[in-house]
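The values are calculated or read from the model by the stated rules, or taken from the named source; none is laboratory data. Bear in mind that the values here come from a model prediction, so they are computed numbers and not experimental data. Here Cβ is always computed from backbone atoms with ideal geometry, including for glycine, and neighbour counts include all displayed protein chains. These accessible areas exclude ligands, DNA and RNA; they are computed on the full protein's heavy atoms, side chains included. Shrake-Rupley method; radii C 1.70, N 1.55, O 1.52, S 1.80 Å.
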Amino acid sequence: MSTTQTFTVTGMTCGHCVASVTEEVQEISGVEDVAVDLPTGAVTITSAAPLDESAVKAALEEAGYQLA
């Protein structure tokens, strides 16, 4: 059964930001889907198992963004 987690990301301002965040988060092992809501900064991740927040934080920082 899949797990869904939502994180709030700061610093996203455009479609390119959304693409960067999506690309980095999809590289985390077990991630099945990533949905980014630009106006609210919500990043909803569907994965095979719950993700370690530090893995998500590292992926976001790689893309140039921060967890709120």
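Based on the Cβ-Cβ distance from HIS16 to GLU53, what FRET efficiency comes out when R0 is 25 Å, to the nearest 0.05? Provide the component values of the computation, followed by the final result.
Details: r = 25 Å, r/R0 = 0.99.
Efficiency for this residue pair is about 0.50.
Rounded to the nearest whole Å², what accessible area per residue is found for the chain with the 1.4 Å probe?
Accessible area per residue, the chain: 56 Å².
Rounded to the nearest 10 degrees, what's the angle between the helix 53-63 long axis and the longest principal axis of the chain, both from Cα atoms, 0 to 90?
Orientation of helix 53-63: about 40 degrees from the principal axis.
Taking each pair of distinct Cα atoms in segment 3-67 once, what is the resulting Kirkwood hydrodynamic radius in Å?
On the way: mean 1/r = 0.0884 Å⁻¹.
11.3 Å is the Kirkwood radius here.
Output the relative contact order of the chain, whole-number percent, from Cα pairs under 8 angstrom with separation of 6+ residues. Don't jump to the answer; show the numbers that get you there.
Values: 111 pairs, mean separation 31.0, N = 68.
Over the chain, the number comes to 46 percent.
Leaving ligands, DNA and RNA out of it, report the carbon-plus-sulfur percent of the accessible area of the chain at a 1.4 Å probe. Write down the numbers at each step before the final one.
Details: 1890 of 3810 Å².
C and S fraction of accessible area: 50 percent.
For the full complex of protein chains and a 1.4 angstrom probe, list MET1, MET12 by accessible area with the highest value first. Provide the component values of the computation, followed by the final result.
On the way: MET1 215, MET12 25 Å².
Reading off the accessible areas and sorting them downward yields MET1, MET12.
Take ASP33 and GLU62, extend 7 Å from each Cα along the Cα→Cβ direction, and tell me the distance between the two endpoints in nm.
In this crude label model, ASP33 to GLU62 measures out at 2.3 nm.
What do you get for the angle between helix 15-26 and the principal long axis of the chain? Use alpha-carbon atoms, 0 to 90 degrees, nearest ten.
Tilt relative to the chain: about 20 degrees.
Is it possible to state the helix-based mean residue ellipticity at 222 nm for the chain, with each DSSP H run of 4+ residues giving -39500 (n - 2.57), the sum divided by total residues, to the nearest 500 deg cm²/dmol? What is it?
On the way: 2 runs with 23 residues, N = 68.
Taken over the chain, the calculation gives -10500 deg cm²/dmol.
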